[in-house]
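Scroll down for the structure; my scribbles are underneath it.
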Amino acid sequence: MTRGLLVRIPPVRALGLAITALATMVALGVLASSGVAQAQQVPTKGQAPQASGGQAWTRMIADLKKFDTEDDRVASIGPCGSEWAGYVVCEGDYDDDPLSFATFHVAPNPADDPLQHAWKILYFDFHDQECLSPPVIQLVEVTEVDPASCSASNDIQAIQKEIFWKAPHPFTVGTGPDANPAGQRVLHEVVEARLTNGLVNPEVILTGVDCNVLGAVGINGTIADGLVQTGQVEAANLNDMIAKCIQNEGGFHLNNWTISKHLPPGRYDQCVTLLHTNGSETDRVCVEFKIMPVDHYVIDFADAGVSWVGLRLNNKSVHSGDFNLETANYPTIQGDGNTSLVYSARFQTLENEVGKRIWSDFDGQINRKKNAGTPPQIVEWEHIDGIASTDASGAWSPWAVFDGPTTLAAGVTQSSGAVCLEPNEPLKLDFSLTPKQTVWAGVYSGAIEVQATRDTSVCTPSLDQGESPTGDPNVFDNNPSQGGPGAWTGGFFTPLS
C-alpha cells in the first residue's frame with residue numbers, strides 16, 4: 001500500500017516539476033550553444049480497409065475531338081452538334097482517322113496553337129454486371145436471373161482516369177535514343193462523383209434529361225453520331241446506353257483532356273477505375289487510342305536574315321544566335337510538332353553587285369542549353385565547318401546534316417547523341433564565314449536554306465512527365481536525355497497486349 005501511495009503523487013505537481021526541469025535543460029542548452037537543433041521528420045502510416053461488392057461498372061471508354069464554341073474555326077463553319085460546357089464536336093473532325101478504325105486517332109496542332117482538346121466519354125452501367133450476363137446453362141437446367149435482383153443503383157464515389165504509354169507509332173520506330181518504357185503513366189486524374197452532402201454531382205455523372213446532350217445516332221455533329229462514325233461503339237449498343245441513362249439506369253461522364261505536342265506519337269492505353277461508396281474498387285478497365293506524328297518546326301530569322309561583316313580573306317565573321325524566338329536578329333530554331341527532327345543547312349554562293357563571289361568556307365553550329373539558369377549555359381553542341389558551294393552564280397553547297405556526334409561542355413557527362421529538335425525546346429543557331437577567296441569591296445548577297453526532317457535512326461520522340469487535365473506547362477519535359485529534366489519517376493503498370 002505504501003508503494004501505491006507513493007505512485008499517486010498529485011499529477012499536476014508531478015507534471016509541473018517535469019516541465020520545469022525540461023525548460024531548465026533547454027534554457028541551459030541555448031546558453032551553451034548558439035546552434036539550432038536539426039528538425040527531424042517522423043514518418044506516418046495508415047491503411048484503408050479493402051472492400052468488395054461495388055455494383056456500377058464502366059461499360060464504355062471513348063473519345064472525340066472537340067472545339068471551343070467561341071474559336072474561329074467553329075465560327076467559320078457554323079454551329080456543330082452536341083454542346084457541353086462551352087465545347088462542341090463537329091462532323092468530319094470527330095478524330096483524325098479517315099478509315100474509321102475502332103480506336104480514337106488524334107494529332108496535336110503544331111505549336112499547340114490552338115491546343116488540341118478531346119472529350120473522354122465514359123458510360124457507367126448502374127446494374128450489377130453479373131445480372132446482365134446471359135443465363136448460365138448447367139447440363140439441362142437453365143439458371144435464370146431474378147429480374148428483381150437487377151435493380152440499378154449508382155454507387156460511384158469517385159472516378160480515376162489514367163493514360164499510359166504502350167508503344168511508338170510505326171512511322172517513328174528507329175534506332176535513335178530515348179525509347180519510352182512501356183507502362184509509363186502520362187496522365188492521372190481523380191474526379192469526385194459526389195457532392196459534400198453525399199448526393200451525386202450531376203455535372204460529373206449525367207443522367208435523366210441531361211443525357212440528351214449526346215444527341216442521336218445519324219445526326220451529324222453530335223457526340224452519339226461521332227462515336228458510331230469513328231467505330232468506337234455500335235449504334236445499337238449506344239442507343240441502349242442512352243436509353244438507360246435517361247431512365248437513370250446508367251450515366252455518362254464527359255471529361256476534357258488535352259493532346260499536346262509533348263505526347264509523342266504512338267499507342268496509349270486510357271484506363272478507368274471506379275471507387276464505390278462502400279470503399280470497394282473495380283479492376284482497371286482500359287481502351288487503346290493512337291496519337292499521330294506531326295513534323296513541324298519554326299525559325300525566327302527568316303525575315304531578318306543572316307549578316308556577315310568585315311569580310312576579308314581568311315578572316316572569320318560570326319553571326320551568333322540565341323535561345324529566344326522573339327529576337328529575330330539572333331537565329332533560333334524550335335521543334336513545334338510531336339516528333340524529334342534532325343536539323344540541316346546549306347549555303348548559297350555569295351555575290352556582290354559587280355559579280356564577285358565567295359563560295360567558302362561556311363560554318364554552322366547548333367546548341368542546347370541547360371534547362372535553367374541565367375545567362376543560359378550551353379551544355380551540348382555540334383559544329384560543322386568547311387562547308388563550300390562552287391564559284392557558279394547561285395550555286396548551293398551540299399546539305400550539312402547536324403546528326404551528331406556532339407561536343408559537351410566541361411562537367412557534362414551525358415550526351416544525347418545528337419542535338420535533335422524536341423517539341424517546344426529552343427535551340428541556338430550560329431553561322432560563320434571564313435572566305436578562302438580574295439574579297440573585293442561591295443555588298444554580298446546569298447541565302448541559307450534550313451530544314452528539319454525526321455530520321456529515326458538518329459532521333460526518336462520520347463516523353464518525361466506527360467500531361468495534366470489542362471495541358472503540359474513544362475517546356476522541357478519531353479525527352480529525358482535530350483533536354484528534359486530527368487527520368488520519369490511516376491507510376492507504371494503492365495500494359496495490355
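What shape does segment 376-450 take by its C-alpha gyration tensor, where a ≥ b ≥ c are the square roots of the eigenvalues and a/c under 1.5 counts as rounded, a/b above b/c as prolate, and the rest as oblate? Here segment 376-450 falls in the prolate category. Sorting Val74, Val298, Val190 by accessible area puts them as Val190, Val298, Val74; the probe is 1.4 Å, largest comes first, and only protein heavy atoms count. Using a probe of 1.4 Å, the accessible surface attributed to Val88 totals some 10 Å² when neighbouring protein chains are kept in position. Of the chymotrypsin sites (Phe, Trp or Tyr not before Pro) found in segment 40-105, those that fall in a DSSP loop while having at most 16 other beta-carbon atoms within 10 Å are Phe101. Residues whose amide H comes within less than 5 Å of that of Tyr297, counting only those at least five positions distant or on another chain, are Asp336 (H built at 1.01 Å from N in the peptide plane). For the pair Glu326 and Ala158 in one chain, pulling the backbone fully straight at 0.36 nm per residue adds 56.0 nm over the alpha carbon distance.
Under 5 Å from the amide H of Thr406 lie the amide H atoms of Gly417, each residue being 5 or more positions distant or on a separate chain, with H modelled from the backbone and absent for Pro and chain starts. The slack between Lys370 and Ala409, meaning 0.36 nm per residue of separation minus the straight C-alpha distance, is 13.0 nm. Apply the a/c threshold of 1.5 to the C-alpha gyration tensor of segment 251-404 and tell me whether it is rounded, prolate or oblate. Verdict is prolate for segment 251-404. Computed from the Cβ-Cβ distance with R0 of 60 Å, the FRET efficiency linking Asp303 to Ala37 stands at 0.45. Sequence-ordered 3J(HN,Hα) estimates for segment 86-99 from the Karplus curve with 6.51, -1.76 and 1.60 and θ = phi - 60° stand at x, 10, 9, 10, 10, 4, x, 10, 4, 7, 9, 10, x, 9 Hz, glycine and proline given as x. For Glu380, the amide hydrogen comes within under 5 Å of the amide hydrogens of Arg368, Ala409, counting only partners 5 or more places away or on other chains and with H modelled in the peptide plane. Computed extension gain for Thr390 through Lys436, at 0.36 nm per residue and net of the alpha carbon distance, reaches 15.4 nm.
Seen from Asp391, the other residues with C-beta closer than 12 Å to its C-beta sum to a net charge of +2, counting Lys and Arg as +1 and Asp and Glu as -1. At the residue level, Asp455 shows approximately 60 square angstrom of accessible surface with a 1.4 angstrom probe and all protein chains present. Largest accessible area first, the residues Thr407, Thr196, Thr349 order themselves as Thr196, Thr407, Thr349 under a 1.4 Å probe with ligands, DNA and RNA left out.
Using a probe of 1.4 Å, the accessible surface attributed to Leu254 totals some 20 Å² when neighbouring protein chains are kept in position.
The values are calculated or read from the model by the stated rules, or taken from the named source; none is laboratory data. As the structure is a computational prediction, the values presented were derived from the model and not from experiment. When we count neighbours, we look across all protein chains shown, and the Cβ atoms used for this are built from the backbone with ideal geometry, even at glycine. Side chains are part of the model used for accessible areas, which takes the heavy atoms of the whole protein and leaves out ligands, DNA and RNA. Shrake-Rupley method; radii C 1.70, N 1.55, O 1.52, S 1.80 Å.
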